[in-house]
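First comes the structure, then the notes that go with it.
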Amino acid sequence: MASINVIEWIEKYAKHIGSDVLEVGAKRYKEHAYLGLREFLAEKLPRSRLIGCDISAGEGVDVVLDITAPLQVVKSTLRNKTFDSVFCVSVLEHIPDVFSACKNISALLNPGGALFVSVPFVFRYHGYPGDLWRFTPEAVTYLFPDIDFLDYKYSTVTTLEQDDRMSLKDENLEKMNRFLYRPRSREDKVARKEAKQAGETVEAYSLAPAMINMFGFKK
């Protein structure tokens, strides 16, 4: 989902967005799930040229395209354009053949081009139309072998609460669970422990809904 934290993550690295931009999964389905990339680029980077593609026609879609089709078909549909930047936000979990999708996305990036990809790590079911996958940072790296994520220097894990984020810099993956455990504060944990010792019923620990946001460059 395009939460405020994901949008702010994109804004932070906007200086790396090139002139020719592709948004994969550009269709506006619901207001709370809308990235608003076109409006953002028009305001912040008016010289950029955005093409929005999606599996079906709708608001925000310039080209109807199955990103998992054979690469030759994908390129032909896009008139053989390649791109300086590609955005793929809250899309991959809905694609059955995620491997072909990622391979084609990489192929559409120019050398040195920037990839912004945001995927759910812990999240409820949300079908547009289906919901098939959840991802770790390692999974994203595996899916995009041609992208240098720079030891996750520009990558984060974020919840749906504003400003609730953790850097993944230097592949800081083992701390993700600690960051996402709720309750998280020491005070809440102590209160929970005391209540449990007193024989009270306490809620189980849970992981907060979270997105993995990864940014890198085409090798």
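On a 27 Å Cα-Cα criterion, which of the cross-link pairs 15/219; 44/103; 27/218 come out too long?
On the way: 15/219 19 Å; 44/103 29 Å; 27/218 25 Å.
Exceeds cut-off: 44/103.
For residue 82 and residue 138, FRET efficiency with R0 = 25 Å and r from the beta-carbon atoms, rounded to 0.05?
About 0.35, to the nearest 0.05.
To the nearest Å, what is the center-to-center distance of region 155-200 and region 56-128, using C-alpha atoms only?
Centre-to-centre (Cα) distance: 32 Å.
For residue 126 and residue 57, FRET efficiency with R0 = 25 Å and r from the beta-carbon atoms, rounded to 0.05?
0.75
For labels at residue 72 and residue 99 in the simple 7 Å Cα→Cβ model, what's the distance in nm?
Distance between label points: 2.1 nm.
Using R₀ = 25 Å, calculate the FRET efficiency as 1/(1 + (r/R₀)^6) where r is the Cβ-Cβ separation of residue 148 and residue 44; round to 0.05. Walk me through the numbers before you get to the answer.
Working: r = 25 Å, r/R0 = 0.99.
That pair, residue 148 with residue 44, gives E of 0.50.
In µm²/s, what is D for the chain at 20 °C and 1.002 mPa s, where D = kT/(6 pi eta Rh) by Stokes-Einstein and Rh is the Kirkwood radius from Cα pairs?
Reported coefficient: 117 µm²/s.
Quick one: work out the % antiparallel among DSSP beta bridges in the chain, nearest 5. Walk me through the intermediate numbers first.
Details: 19 of 36 bridges.
Just about 55 percent of them are antiparallel.
Provide the convex hull volume over Cα atoms per residue for region 4-101, in Å³. All intermediate terms of the calculation are to be shown ahead of the outcome.
Numbers: hull volume 10.2 nm³, N = 98.
Hull volume over Cα atoms, normalised by residue count, gives 104 Å³.
Going highest first, how would you order 185-196, 36-47, 156-167 by mean Cβ packing within 10 Å? Before the final figure, lay out each step's value.
Working: 185-196: 11.3, 36-47: 13.7, 156-167: 17.5.
Taking the mean over residues of other Cβ atoms within 10 Å, the ranking is 156-167, 36-47, 185-196.
Every read-out reported here was derived from the displayed coordinates using simple, explicitly stated rules and does not represent laboratory data. What you are looking at is a predicted structure, and each value in this text was computed from that prediction instead of being measured. Because the Cβ atoms are built from the backbone with ideal geometry, glycine has one as well, and the counts that use them run over all protein chains shown.
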